[in-house]
1. Of I42, L97, A70, which is farthest along the charge dipole of the chain in the positive direction, counting Lys and Arg as +1 and Asp and Glu as -1 at C-beta?
2. At what distance in angstrom do the alpha carbon centres of the stretch 54-93 and the stretch 97-121 lie from each other?
3. Considering only protein heavy atoms, with the full assembly of protein chains and a 1.4 angstrom probe, order K61, K50, K21, K72 by accessible area, largest first.
4. Enter the accessible area of E54 (Å², nearest 10), with the probe set to 1.4 Å and all protein chains included.
5. Keeping all protein chains in the complex and leaving out DNA, RNA and ligands, what accessible area do you get for M101 with a 1.4 Å probe, in Å² to the nearest 10?
6. Could you put L98, L117 in order of accessible surface area, largest first, with the 1.4 Å probe and the full protein assembly present?
7. In whole Hz and in residue order, list the ³J(HN,Hα) couplings for the stretch 51-57 that follow from phi through the Karplus curve 6.51 cos²θ - 1.76 cosθ + 1.60, θ = phi - 60°; x for Gly and Pro.
8. Quick one: if you stick a label point 7 Å off each Cα along the C-beta vector at D69 and L117, how many nm between them?
Amino acid sequence: MSRQPIQIANEMIRASAGAGKTYQLVNRYIRLLLCGQSPKRIIALTFTRKAAGEFFAGILKKLSEAAQDAEKAELLSREIQMTEATSVDFSVALRGLLDSMPQLALGTIDGFFNRVLGMFS
């Protein structure tokens, strides 16, 4: 699979509770990783710490399962509409994500703006 970054448009997901926002965010994040985007350059924000934790846990779970199991890799590749993705691709994405953890922008909107303001105090 090509690791050359592919441009994907920015997107805001707005929906009521229980409408599947976390599922959509997790799949979009994984798709961005497989399209060659650096985890450090992806911003994913929610309103609550609980939702941010669920989001990050969902990414790790899906990537690790797909990296270890060809059937789960095939299922996830269909979910993210990248049917050519393999367990190796998910393993590479997981390694890149773990290596970039200190620089990730996954969290709450409040936390993100506090970090930005702290850089320009």
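The values are calculated or read from the model by the stated rules, or taken from the named source; none is laboratory data. This one's a predicted model, so the numbers in the text were calculated from it and none came from an experiment. With ideal geometry, Cβ positions are generated from the backbone for all residues, glycine too; neighbour counts draw on all protein chains shown. Side chains are part of the model used for accessible areas, which takes the heavy atoms of the whole protein and leaves out ligands, DNA and RNA. Shrake-Rupley method; radii C 1.70, N 1.55, O 1.52, S 1.80 Å.
1. Of the listed residues, the answer is I42.
2. 25
3. Listed by decreasing accessible area, they come as K50, K61, K72, K21.
4. 90
5. Roll a 1.4 Å probe over it and M101 shows about 90 Å².
6. These residues rank, largest area first, as L117, L98.
7. Couplings: 5, 5, x, 5, 5, 5, 4 Hz.
8. In this crude label model, D69 to L117 measures out at 4.4 nm.
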